[in-house]
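> Questions regarding the structure given below will be posed in turn.
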Amino acid sequence: LQTPSSVFFLFGATGDLARRKLFPAIYSLYREGKLADDFAVIGVARRPRTQEEFREDVYQSIQEFCRYKAEANEEWYAFAQHFEYKALDINDVNGFRELKEQTEKIEERYHIPGNRMFYLALAPELFGSVSFNLQKGGMLEGQGWKRLVIEKPFGYDLKSAETLNEQIRQVFREEDIYRIDHYLGKEMVQNIEVIRFANAFFEPLWNNMHIANIQITLSETVGVEERGGYYDHAGALKDMGQNHMLQMLTMIAMEPPSRLLPEDIRDEKVKVLRSLRPYLNAEEVEKNVIRGQYIAGSANGQELPAYRAEDKVDPNSNTETYFATKLFVDNFRWAGVPFYIRTGKRLPVKTTEIVVEFRSMPTNVYLGQKHKLEPNLLVIRVNPMEGIYVKINAKKPGSESDIQPVAMDFCQSCMVGINSPEAYERLLHDAVRGESTYFTRWDEVASAWSFVDRIAEAWAEDPGKLSTYPAGSWGPTEADELLEKDGFHWWPVN
Ligand code: BG6
């Protein structure tokens with residue numbers, strides 16, 4: 001499906017996200033024939049840059065980060081002509097008026113009917129000013145749709161998110177606002193819906209009668225790299241928990257939507273967030289949420305520094321680089337089923353996995369007490385490996401009656417020729433087509449913040465109470481105890 005012809009405004013065009021994700025995503029869409037011929041991109045940022053320099057930035061980014069490579073030939077030249085740059089001070093409305101003139105020329109050149117998508121890869125403090133100045137500068141006038149796409153973090157807590165939302169809502173309607181959570185753009189996260197609702201073996205068992213617990217792990221090997229300044233104020237709970245982890249949880253836990261339409265799906269997702277059992281006080285938080293920070297350690301024979309020694313991080317920082325928590329979704333389907341989620345930096349592997357652990361079978365006469373049966377598992381591998389596998393019990397070949405767990409494995413990323421589009425590619429494509437299912441609606445963001453705020457507030461009362469873990473390890477031992485108390489353990493990731 002090709003995108004409608006439109007101009008894509010990228011605010012933050014000289015930033016990291018543009019370079020690593022957005023330019024490569026645009027180029028992949030182009031290479032796959034998903035981009036209208038009449039498209040244009042205007043990169044906007046503060047620093048001065050000539051059109052040639054900007055096009056060179058785009059070229060370099062594609063060479064480094066895109067799954068397709070460009071060649072500096074005529075085809076590339078024709079593609080690059082669709083990219084322009086505008087240096088702009090976000091607080092100066094005159095710059096927006098100039099941007100309007102530049103846009104009208106470009107729209108005329110490519111016969112674009114006024115469709116404009118504004119992508120803000122900026123700090124959230126700037127979302128309001130940009131929206132107001134887009135309006136004052138006349139950028140929202142005329143024919144065609146006007147959409148706002150915003151990156152996380154959407155605020156730093158519920159209060160700041162509300163302020164932000166009020167500001168942008170003075171300019172844009174909710175249905176024209178696309179809040180990105182790039183995990184929702186991942187192939188396997190979108191696949192959760194299909195696995196659940198298109199398979200006779202899962203949905204009938206998808207409840208507290210048959211599921212013992214659900215575990216979501218999002219582990220990263222990287223530290224904070226060059227993002228210490230941002231991360232030290234955010235921490236794992238806000239950087240990953242409020243958004244990616246809770247979004248994956250909603251996909252796993254939601255009721256089947258009545259129709260597969262964006263609003264119906266989002267209605268079901270927000271109900272999950274509203275059903276999360278809140279932690280009532282600091283004591284409950286302490287019991288159910290583990291926070292950790294990495295100290296110096298090693299991985300693959302390489303020494304790794306402590307978090308507090310990382311660039312742009314306060315040497316006395318109490319920011320968590322890891323958290324694990326136990327949650328309950330208080331509704332009919334999930335009553336009593338614990339959801340355990342954990343995420344951290346500097347863990348031993350980079351992976352995102354969801355494990356659904358089924359209740360154990362009663363030991364029956366045939367099996368007697370002789371065997372300790374492992375529970376059945378459904379494992380959804382989100383990244384970097386993509387696929388699902390089911391662990392079942394079977395007789396050990398050749399033995400008389402020994403039982404062993406075996407895996408039925410569907411490895412999507414192992415299939416020859418599979419080249420799943422990147423999350424950003426899919427989300428950009430969706431936003432230009434006005435398909436909003438995999439973007440977060442305001443009520444989802446607000447519910448997620450109110451849940452997370454309680455944890456953050458409890459932590460703020462006693463900031464120094466932080467467990468540590470050596471870089472390269474699986475996080476604080478308290479996170480293992482969290483499950484052991486319930487008779488469970490974290491399933492090893494693959
Ligand atoms: C981002 C976080 O949203 O997601 C980063 O800000 C994190 O801290 C990243 O590294 C992980 O995304 P992915 O797609 O690489 O798993």
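> How many residues are open to solvent by less than 10 Å² (accessible area, probe 1.4 Å) and either in contact with a helix residue (DSSP H, G or I) (Cβ under 6 Å, 6 or more places away or on another chain) or at pLDDT below 95 (or both) when one looks only at segment 12-21? Step through it out loud before you land on a result.
Of all residues in segment 12-21, those open to solvent by less than 10 Å² (accessible area, probe 1.4 Å) come to 13, 18.
Subsequent filtering for residues that are either in contact with a helix residue (DSSP H, G or I) (Cβ under 6 Å, 6 or more places away or on another chain) or at pLDDT below 95 (or both) retains none.
Residues that pass the stated criteria total 0.
> Sticking with this one: Taking segment 314-364 as the search range and keeping residues that are among the aliphatic types (A, V, I, L, M) and touching a Ser or Thr at 6+ places or on another chain (Cβ under 7 Å), which one is nearest to Asn191 (Cα to Cα)?
Start the filter on segment 314-364 by keeping residues that are among the aliphatic types (A, V, I, L, M), which leaves 324, 327, 329, 335, 337, 341, 347, 349, 354-356, 361.
When the remaining residues are screened for being touching a Ser or Thr at 6+ places or on another chain (Cβ under 7 Å), the result is 329, 341, 347, 349.
On the way: Val329: 21, Ile341: 19, Leu347: 26, Val349: 23 Å.
Ranking the candidates gives Ile341 first.
> Could you list, ordered by first residue, the pairs with Cβ atoms under 7 Å in which the first is in segment 240-265 and closer than 13 Å to Arg441 by Cα and in contact (Cβ under 8 Å) with a residue 40 or more places away in the chain and the second is within 11 Å of the ligand (Cβ to nearest atom) and not in a helix (DSSP H, G or I), at least 6 apart or interchain?
Final answer for the pair search is Asn243/Lys152; Asn243/Asp181; Gln247/Asp181.
> Still on this structure, I have one more. Looking at the structure I just gave you, is Leu246 more than 18 Å from Lys345 (Cβ to Cβ), open to solvent by less than 10 Å² (accessible area, probe 1.4 Å) and within 16 Å of the ligand (Cβ to nearest atom)? Break it down stepwise before answering.
On the way: more than 18 Å from Lys345 (Cβ to Cβ): yes; open to solvent by less than 10 Å² (accessible area, probe 1.4 Å): yes; within 16 Å of the ligand (Cβ to nearest atom): yes.
Judged against the criteria, Leu246 is a match.
> Here is a follow-up. Given the criteria within 16 Å of the ligand (Cβ to nearest atom), β-branched (Val, Ile, Thr) and open to solvent by 20 Å² or more (accessible area, probe 1.4 Å), does Val194 qualify?
So Val194 fails the test.
> Determine if segment 337-357 includes at least one residue that is without any contact (Cβ under 8 Å) to a residue 12 or more places away in the chain and in contact with a strand residue (DSSP E or B) (Cβ under 8 Å, 6 or more places away or on another chain).
No, there is no match, as no residue in segment 337-357 is without any contact (Cβ under 8 Å) to a residue 12 or more places away in the chain and in contact with a strand residue (DSSP E or B) (Cβ under 8 Å, 6 or more places away or on another chain).
> Only one of Val285, Val270, Val289 is modelled with pLDDT of 95 or more, more than 16 Å from the ligand (Cβ to nearest atom), touching an Asp or Glu at 6+ places or on another chain (Cβ under 7 Å) and within 20 Å of Asp157 (Cα to Cα). Can you tell me which?
Details: Val285 fails: touching an Asp or Glu at 6+ places or on another chain (Cβ under 7 Å); Val289 fails: touching an Asp or Glu at 6+ places or on another chain (Cβ under 7 Å).
Only one candidate qualifies: Val270.
> Among the residues of segment 115-129, what is the count of those that are open to solvent by less than 20 Å² (accessible area, probe 1.4 Å) and either closer than 22 Å to Lys238 by Cβ or not hydrophobic (A, V, I, L, M, F, W, C) (or both)? Steps first, please.
Step one: filter segment 115-129 for residues open to solvent by less than 20 Å² (accessible area, probe 1.4 Å), giving 115-120, 124, 127-128.
Adding the requirement that they be either closer than 22 Å to Lys238 by Cβ or not hydrophobic (A, V, I, L, M, F, W, C) (or both) leaves 115-116, 119-120, 124, 127-128.
Counting residues in segment 115-129 that are open to solvent by less than 20 Å² (accessible area, probe 1.4 Å) and either closer than 22 Å to Lys238 by Cβ or not hydrophobic (A, V, I, L, M, F, W, C) (or both) gives 7.
> Look at Leu120 and say whether it is more than 16 Å from the ligand (Cβ to nearest atom) and either within 26 Å of the chain's Cα centre (by Cα) or on the phi < 0 side of the Ramachandran plot (or both). Quick ask: steps written out before the conclusion?
Working: more than 16 Å from the ligand (Cβ to nearest atom): no; either within 26 Å of the chain's Cα centre (by Cα) or on the phi < 0 side of the Ramachandran plot (or both): yes.
No, not satisfied.
> Also, quick follow-up: Going through segment 415-459 one residue at a time, which ones are within 29 Å of Tyr322 (Cβ to Cβ) and open to solvent by 70 Å² or more (accessible area, probe 1.4 Å)?
Glu422, Arg454, Glu457
> In segment 269-303, how many are farther than 30 Å from Ser450 by Cβ and open to solvent by less than 20 Å² (accessible area, probe 1.4 Å)? Quick ask: steps written out before the conclusion?
Of the residues in segment 269-303, the ones farther than 30 Å from Ser450 by Cβ are 295-303.
Next cut, open to solvent by less than 20 Å² (accessible area, probe 1.4 Å) only: 297.
The number of residues fulfilling the criteria is 1.
> If you don't mind, another one. Inspect segment 165-181 for any residue being β-branched (Val, Ile, Thr) and either surrounded by fewer than 18 Cβ atoms within 10 Å (Cβ to Cβ) or within 16 Å of the ligand (Cβ to nearest atom) (or both) and give the result as yes or no.
First pass over segment 165-181, keeping only residues β-branched (Val, Ile, Thr): 168, 171, 177, 180.
Now drop any that are not either surrounded by fewer than 18 Cβ atoms within 10 Å (Cβ to Cβ) or within 16 Å of the ligand (Cβ to nearest atom) (or both), which leaves 180.
Scanning segment 165-181 turns up at least one residue that is β-branched (Val, Ile, Thr) and either surrounded by fewer than 18 Cβ atoms within 10 Å (Cβ to Cβ) or within 16 Å of the ligand (Cβ to nearest atom) (or both).
> When you go through Val349, Val313 one by one, which is the residue that is open to solvent by less than 30 Å² (accessible area, probe 1.4 Å), farther than 29 Å from Pro256 by Cβ and in a loop (DSSP other than H, G, I, E, B)?
Working: Val349 fails: open to solvent by less than 30 Å² (accessible area, probe 1.4 Å).
Sole residue among the options that is open to solvent by less than 30 Å² (accessible area, probe 1.4 Å), farther than 29 Å from Pro256 by Cβ and in a loop (DSSP other than H, G, I, E, B): Val313.
> Just wondering, is there one or more residues in segment 306-325 that are of a type in the set (A, V, I, L, M, F, W, C) and within 20 Å of Glu286 (Cα to Cα)? Walk me through how you get there before you give the answer.
Within segment 306-325, the subset of a type in the set (A, V, I, L, M, F, W, C) is 306, 309, 313, 323-324.
Now drop any that are not within 20 Å of Glu286 (Cα to Cα), which leaves 323-324.
For segment 306-325, residues of a type in the set (A, V, I, L, M, F, W, C) and within 20 Å of Glu286 (Cα to Cα): present.
> Taking Met139 and the conditions (1) open to solvent by 30 Å² or more (accessible area, probe 1.4 Å); (2) in a loop (DSSP other than H, G, I, E, B), which numbered condition does it fall short on, given that it satisfies the others?
(1)
> Just the residues that are within 16 Å of the ligand (Cβ to nearest atom) and under 16 Å from Val44 (Cβ atoms), please, taken from segment 131-164.
Val149, Ile150, Glu151
> So which residues in segment 224-233 are within 14 Å of Ala306 (Cα to Cα) and near the ligand (Cβ under 10 Å from one of its atoms)? Step through it out loud before you land on a result.
Residues of segment 224-233 within 14 Å of Ala306 (Cα to Cα): 224-225, 228, 232.
Listed by number, the residues that qualify are Val224, Glu225.
> Please identify the pairs in which a residue from segment 138-150 that is over 17 Å from Phe96 (Cβ atoms) and touching a residue at least 40 places away in the same chain (Cβ under 8 Å) has its Cβ atom under 9 Å from the Cβ atom of a residue that is among the β-branched types (Val, Ile, Thr) and in a loop (DSSP other than H, G, I, E, B), counting only partners at least 6 apart or on another chain.
Short answer, once both residue conditions are applied: Gly144/Ile112; Val149/Ile180.
The values are calculated or read from the model by the stated rules, or taken from the named source; none is laboratory data. On a predicted model such as this, the values are computed, not experimentally measured, just so you know. No Cβ is skipped: glycine too gets one built from the backbone with ideal geometry, and neighbour counts run over all protein chains shown. The accessibility values were calculated without ligands, DNA or RNA, using every heavy atom of the protein model including side chains. Shrake-Rupley method; radii C 1.70, N 1.55, O 1.52, S 1.80 Å.
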